[in-house]
Amino acid sequence: MDHNDRQTIEGLFGKLGQAAQAQPHRDPEAEALIADLMARNPGAAYYLSQTVIMQEQALNAAEAQMQQAQRAPEPQGGLFGRLFGGSQPQPQPRP
């Protein structure tokens, strides 16, 4: 584990702490089930953390790609305009 990994994991648990403060009520039945399942699978916290971090990074990358695509100029005639002759001027009808 390097410094960036440590910061990412601490950031995740910081967000969990903020969520606990913002929403202190937890469903006791769900909490008991989760505690039981965690006790049966001691590595679950590791894998859950890893999954959440990877999903968050994927979401951030997707959002960045969407923002970049929105900033890119659209070619004349739309995405498929060139395929269907949209970039060429249309002939004017004769009276």
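No lab work stands behind these numbers, since they all come straight from the coordinates. These figures come from a predicted structure and were not determined experimentally. Because the Cβ atoms are built from the backbone with ideal geometry, glycine has one as well, and the counts that use them run over all protein chains shown.
Listing for the model above:
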quantity	calculated
Failed criterion for residue 28 (all others in (1) within 19 Å of the chain's Cα centre (by Cα); (2) surrounded by fewer than 10 Cβ atoms within 10 Å (Cβ to Cβ) hold)	(1)
Residue ID - surrounded by the most Cβ atoms within 10 Å (Cβ to Cβ), chosen from residues in segment 35-56 that are closer than 17 Å to residue 12 by Cβ and among the hydrophobic types (A, V, I, L, M, F, W, C)	53
